[in-house]
Amino acid sequence: MPSATNVVDGRAIAAQIQSELAARVASLKQRGVVPGLAFVRVGEDPASKVYVGRKEKACAELGIVSETHVLPEATSEADLLTLIGKLNATAHVHGILVQAPLPKHIRESVVFATVLPTKDVDGFHPVNVGKLMLGDDTGFKPCTPAGVVELLIRSGVKTDGAEVVVLGRGNIVGKPMAAMLCQKGKAANATVTICHSATRDIKAHCRRADIIVAAMGVAEFVKADMVKPGAVIMDVGVNRVPDATSKTGTKLVGDVDFANVQPIAGRITPNPGGVGPMTIAMLLQNTVRAAEQAAS
Ligand code: GUN
């Protein structure tokens, strides 16, 4: 992790959240309830294997029991829905996470809508998406944007009245991120602009922003001349690019040109060690909450 003081340490903040959750897991265990999370992975997408592996490890460290169901790439949508139906009906499974992306022949929207809303720790079910839009906190919120909000809160960034630019309009990050930050309430109340591939002048929007959330999946897209000095930069991107100096011939970079943006930013997340650990912390939090709600 770079040592500059404006770099937000996502690993440390995630560790803090996990220690807070440990107390809740202990109190559930005293009542005879062990939080349970089922992962479903279809096919052998290398990035998905890494992500699910990290989530399994984090569950084990916190005392959440996880089980992983790996289905072949050619699995039919019907067979996947059957598995989800079984997990919906399994009492010790409090949360279900179907790792995206799914193979092209499987409709993600149908799969996400099949997970019980009360076990939807990803916050992708239409009921939970609807609750987010309505400002109803009884639903589950998607982990990555929820993690960004938590990073902003815990690093002392005020969002009230702030100009926020969200780069990217995906269902997993961009759209829910915008919904969370424009909501009336704590750690929200921002003026939010979503930019995407058809936006005419992204640079002009970015230069006005007090906070930029970069989640469009384009390696090092946000350059220093797009950033107002002092702006807060949350980098959600994970992009593999060629790198002749690395043993693998590739390296991971974010959606932000970190080396050149960090010196002028007010605060900035590194990559790795920024938003990624927070996604996992929010998944653990949603799972503990799902178990608490099932036990009450
Ligand atoms: N793929 C990329 N991000 C996510 C996520 O937060 N949840 C799931 N299920 N799949 C993803």
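Here are the numbers for this structure:
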item	result
Any hit, the range 45-58, residues being at pLDDT 95 or above, more than 19 Å from the chain's Cα centre (by Cα) and not in a loop (DSSP other than H, G, I, E, B)	no
Cβ-Cβ under 7 Å pairs, at least 6 apart or on other chains, the range 147-173 side without any contact (Cβ under 8 Å) to a residue 40 or more places away in the chain, far side away from the ligand (no atom under 15 Å from the Cβ)	Val149/Ala187; Ile153/Ala187; Asp160/Asn189; Gly161/Asn189; Arg169/Ile194; Arg169/His196
Which numbered condition Ala178 fails, given (1) more than 19 Å from the chain's Cα centre (by Cα); (2) among the aliphatic types (A, V, I, L, M); (3) within 28 Å of Ala12 (Cβ to Cβ)	(1)
Subset of the range 100-145 (residues that are among the charged types (D, E, K, R), under 26 Å from Val164 (Cα atoms) and in contact (Cβ under 8 Å) with a residue 24 or more places away in the chain)	Asp122, Lys141
From the options Val52, Val65, Val93, residue that is within 28 Å of Thr250 (Cα to Cα) and among the aliphatic types (A, V, I, L, M)	Val52
Residues (under 13 Å from Arg41 (Cα atoms) and in contact with a strand residue (DSSP E or B) (Cβ under 9 Å, 6 or more places away or on another chain)) located in the range 80-100	Leu80, Leu83, Ile84, Ile96, Leu97, Val98, Gln99
Residue tally, condition away from the ligand (no atom under 13 Å from the Cβ) and either modelled with pLDDT under 95 or in contact with an Asp or Glu (Cβ under 8 Å, 6 or more places away or on another chain) (or both), over the range 273-296	3
Yes/no for Thr193 being touching a residue at least 12 places away in the same chain (Cβ under 8 Å) and in a helix (DSSP H, G or I)	no
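The values are calculated or read from the model by the stated rules, or taken from the named source; none is laboratory data. Being a predicted model, the structure only gives us computed values, none of them experimental. Cβ coordinates were reconstructed from backbone atoms using ideal geometry, including for glycine residues, and neighbour counts include every protein chain displayed.
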